[in-house]
Amino acid sequence: MGIISLVTGRPGQSGFGSASTAEQVTEGIDATNLTAIVTGGASGIGLETSRVLALRGAHVVVAARNMEAANEAKQLILKDNKKARVDVLKLDLSSVKSVRAFAESFSALNLPLNLLINNAGVMFCPYQISEDGIEMQFATNHLGHFLLTNLLLNKMKDTARTTGVEGRIVNLSSIAHLHTYQHGIQFDKINDKSSYSDKRAYGQSKLANILHANELSRRLQEEGTNITVNSVHPGLIMTPLMRHSQLLMRTLKLFSYFLWKNVPQGAATTCYVALHPNLKGVSGKYFLDCNEMKPSAYARDEKLAKRLWDFSNKLVDSASRTQ
Ligand SMILES: NC(=O)c1ccc[n+]([C@@H]2O[C@H](COP(=O)([O-])OP(=O)(O)OC[C@H]3O[C@@H](n4cnc5c(N)ncnc54)[C@H](OP(=O)(O)O)[C@@H]3O)[C@@H](O)[C@H]2O)c1
């Protein structure tokens, strides 16, 4: 898949490409026996992902920090699909306390869990520290999802074991993982204000999404667990994600119009990786336009992935101790 395929929408090996929509890549798939959590499922790519998973019959839990938006999203999904099974639950990924509370609320629902779509994210924020004292893009995009996934993993393992149905975890990364700090992850300067770059901090958090997926995939394979973990770049889509860089993104779009997708196309890779039978047993891979791609050298660095895993555990532990 190269730039020509991106612009023309020419399908790749999977039979799908940049022009494919989430509905097209999941056509004919029956997801009625699946339960999914979609973080950030109240807007943009997450909302379309939730809508299409529900359209295929999955029971979808929209995890959102803004409950008003989440309820509106639920109504929107139900408007065209009266039979959709959608629940909404509060989740603020930038807060360890909120992530733990979400996991408890989900557990209280007594639902199985087959699919976890780690989709929520913020981009290019001005320097900000989360309530746990961690740089906001790293805290939201990576650390919150790292903890959430760990807290939900036993439920996913139980579901996969008792049903025999493969569980799938999808991390929304970005092509922006290529534009990170020197050495990939700034372990010693994760909160450093003086070296902060809103663009590189975003790239770092999206690199962390891939490294997290790869290391978790390796661990689950070692255990022989029937759960796959992959990461995706959804493409370039104009969504509320651009709120801190409206002018930059609109200018960029003017000069690169043919590289952009609409939201249904933007949700295609996530839905393909979450549901398509072609990907049974495929884990630890990175996808773009519904086709496997090679991510950056940092993203393929196993030592970096292990170091990030330990580092993330320590950050979560110290954030939990201060509560
Ligand atoms: N759009 C693109 O071109 C593009 C390209 C590459 C990768 N991505 C990735 O795709 C994913 C979805 O992005 P999108 O374009 O659909 O943007 P979006 O419409 O802004 O969706 C992001 C969602 O994440 C939620 N969120 C933000 N901070 C949160 C927090 N602390 N706790 C819980 N939820 C939070 C947002 O909620 P609020 O509405 O409350 O802010 C929103 O619902 C992101 O991970 C992004 O990095 C997007």
*Are there trypsin sites (Lys or Arg not before Pro) in segment 262-323 that DSSP marks as loop and that have at most 15 other Cβ atoms within 10 Å, and which are they?*
280
*Given springs between every Cα pair under 10 Å in a Gaussian network model of the chain, which of 120, 22, 297 has the largest fluctuation?*
297
*Work out from phi, with θ = phi - 60° and the Karplus expression 6.51 cos²θ - 1.76 cosθ + 1.60, the ³J(HN,Hα) of each residue of segment 140-150, listed in order in whole Hz, and give x for Gly and Pro.*
7, 6, 9, 4, x, 6, 4, 5, 4, 4, 4
_Candidates 56, 243, 168: whichever shows maximal mean-square fluctuation once the chain is modelled as a Gaussian network with Cα springs under 10 Å_ = 243
*Can you tell me what the convex hull of the Cα atoms of segment 81-232 projects to on average, as an area in nm²?*
10.3 nm²
*Once you've got the Cα coordinates, tell me which of 199/253; 199/303; 82/206; 155/193; 261/294; 193/253 are over 26 Å apart.*
82/206; 155/193; 193/253
*asked:* Leaving out ligands, DNA and RNA, and with a 1.4 Å probe, what % of the accessible surface on the chain is carbon or sulfur?
replied: 52 percent
*Excluding ligands and nucleic acids, what accessible area in Å² is computed for residue 35 using a 1.4 Å probe, to the nearest 10?*
10 Å²
*Size of the dipole of segment 3-321 about the Cα centre, Lys and Arg at +1 and Asp and Glu at -1 on the beta carbon, nothing else charged, in debye to 20?*
220 debye
*asked:* Please compute the Kirkwood hydrodynamic radius of the chain from all pairs of different C-alpha atoms, in Å with one decimal.
replied: 19.5 Å
*Note, ³J(HN,Hα) from phi for segment 298-310, Karplus 6.51, -1.76, 1.60, rounded to Hz, x at Gly and Pro*: 4, 5, 9, 7, 5, 5, 4, 5, 5, 5, 5, 4, 5
*asked:* Using the Cα centre of the chain as origin and beta-carbon charges of +1 (Lys, Arg) and -1 (Asp, Glu), tell me which of 197, 143, 236 is placed farthest towards the positive end of the dipole.
replied: 236
*Obtain the nm distance between the two label points defined at residue 175 and residue 80 by a simple spin-label model: each point lies 7 Å from its Cα along the Cα-to-C-beta direction.*
2.6 nm
_Assigned charges on the beta-carbon of Lys, Arg, Asp, Glu; segment 122-176 dipole about Cα centre (debye)_ = 320 debye
*Express the accessible area of the chain per residue in Å², computed with a 1.4 Å probe while the remaining protein chains stay in the model.*
44 Å²
*Relative contact order (%) - criterion: Cα under 8 Å, at least six apart; region: the chain*: 21 percent
*Pop out the ³J(HN,Hα) list for segment 86-102 in order, Karplus 6.51 cos²θ - 1.76 cosθ + 1.60 with θ = phi - 60°, rounded to Hz; leave Gly and Pro as x.*
10, 10, 10, 9, 6, 8, 10, 5, 7, 10, 4, 4, 5, 5, 5, 5, 4
*Simple spin-label model, 7 Å along Cα-to-Cβ: residue 33 to residue 303 in nm?*
4.4 nm
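The values are calculated or read from the model by the stated rules, or taken from the named source; none is laboratory data. Please read these numbers as outputs of a predicted model, since none were measured by experiment. In this analysis, Cβ positions are derived from the backbone assuming ideal geometry, glycine residues included, and neighbour counts consider all displayed protein chains. Quick note on the areas: whole protein, heavy atoms, side chains included, nothing else; ligands and nucleic acids left out. Shrake-Rupley method; radii C 1.70, N 1.55, O 1.52, S 1.80 Å.
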